[in-house]
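Input: a single structure, listed below in C-alpha cells.
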Amino acid sequence: MRRLLTAFAVAICTLSSVAGYQHAGSDIEGWREIAWPFPRDGWPAGRAFHCAVELCGGDVELYVRPKIGFCNCDSGVADDDEVDRVTDLDLMSERFAPLEPGKVIRIADMPGRLRSYDLRMSDGSRHSAVGIAVSRRCDLLVAVAQGKGTAPEVQRVALDFLALDAVTQWMTSALDGR
C-alpha cells in the first residue's frame, strides 16, 4: 500500500510539473517560449520567453504570470513599493535597485505600473530589468523582463511583446482561470 501511495504522489508531482511547462518550445513572433526557470512558490508557474539578439538587440528574457486574488480590489497597483514587492524580481536576484520612479501604464486594457531596475545577477554580472504589474478586478498580472541592454531597450521590447494579440489573449484567459 505504501508503494502505491508513493507512486501516486510521484505521478501527481510529475503531472503538475508538466502542466507548468505545457507551452515551452513554441514561438510567438520571434520570441521563443522556454521552461519556467524558477522554483515553486505560492503562485502557479507562469510563462517564460527568450528573445534573441537579432530581434531584440540583445538577449532578453521575459517572465509573466497571473496572481489571482492578490491585488487590492479598490486601488489596483497603487505605487512603486507594490511593483517592487510583486513583480518576481527577487526570483532572479535579491540584489535589485530601482533606477527611477515608476510609470503608470495600461496593458491589455489593464491599468498598472512599470518600473526599471539595475539587477545584479548571482555571477556578479549586471543586467537591466523592468517590472510590470497590472490589475483587473482583484487579480494581478506580473511580468518581469531582464537583459544586458539598457533599461529603456528592455522596457521597449517587453512592452512590444506584451502588446501582441496572442499574448494579450493569453493574459486575459489566465486571469479568467482558463
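For HIS50 and VAL104, what does the FRET efficiency come to when R0 = 22 Å and r is the distance between their Cβ atoms, rounded to the nearest 0.05?
Using R0 = 22 Å, I get an efficiency of 0.20.
How would HIS50, HIS127 rank on accessible area, largest to smallest, probe 1.4 Å?
Reading off the accessible areas and sorting them downward yields HIS50, HIS127.
Give me the 1.4 Å probe accessible area per residue for segment 36-178, excluding ligands and nucleic acids, in Å². Display every interim value, and only then the final one.
Values: 6740 Å² over 143 residues.
The answer is 47 Å² per residue.
For segment 31-178, just the Cα atoms, rotate onto the principal axes and tell me the three extents in Å, largest first.
Per principal axis, max minus min of the Cα coordinates gives 38, 30, 28 Å.
How many nm is it between the label spots at PHE38 and THR150, if each spot is 7 Å from the Cα in line with the beta carbon?
Each label point lies 7 Å from its Cα, and together they span 2.8 nm.
What is the percent carbon and sulfur in the accessible area of segment 37-115, measuring with a 1.4 Å probe over the protein chains and ignoring ligands?
Using a 1.4 Å probe with all protein chains present, segment 37-115 comes out at 51 percent carbon and sulfur.
To test your reading of the geometry: what angle, between 0 and 90 degrees and rounded to tens, separates the Cα axis of helix 165-175 from the longest principal axis of the chain?
Helix 165-175 sits roughly 60 degrees off the main axis of the chain.
Below 15 angstrom from the Cβ of CYS73, what's the summed charge of the other residues (Lys, Arg +1; Asp, Glu -1)? Don't skip to the end; give the middle numbers.
Numbers: positive: LYS67, ARG136, ARG137; negative: ASP74, GLU82, ASP139.
Spelling it out: positives minus negatives among the neighbours equals 0.
How charged is the neighbourhood of SER26? Take every other residue with its Cβ under 10 Å from the Cβ of SER26, and add Lys/Arg as +1 and Asp/Glu as -1. Working shown, then result.
Working: positive: ARG32, ARG47; negative: ASP27, GLU33.
Taking every Cβ under 10 Å from that of SER26, the sum is 0.
Under 14 Å from the Cβ of LYS148, count the other residues' Cβ atoms, weight Lys and Arg +1, Asp and Glu -1, and hand me the total.
Working: positive: ARG120, ARG126; negative: ASP59, GLU61, ASP118, ASP123, GLU153.
With Lys, Arg at +1 and Asp, Glu at -1, the neighbours total -3.
Based on the mean of other beta carbon atoms within 10 Å per residue, what is the order of 145-152, 71-78, 89-96, 36-43, most packed first?
145-152, 89-96, 71-78, 36-43
Work out the length of the dipole vector of the chain about its Cα centre, built from +1 on the beta-carbon of each Lys and Arg and -1 on the beta-carbon of each Asp and Glu, and round it to the nearest 20 debye.
Around 620 debye, computed over the chain.
The values are calculated or read from the model by the stated rules, or taken from the named source; none is laboratory data. What you see is a predicted model, and the numbers here were worked out from it, not measured in a lab. Methodologically, a virtual Cβ is constructed for each residue, glycine included, from the backbone with ideal geometry; neighbour enumeration extends over all protein chains shown. Accessible surface is based on the protein model in full, side chains and every heavy atom, while ligands, DNA and RNA are left aside. Shrake-Rupley method; radii C 1.70, N 1.55, O 1.52, S 1.80 Å.
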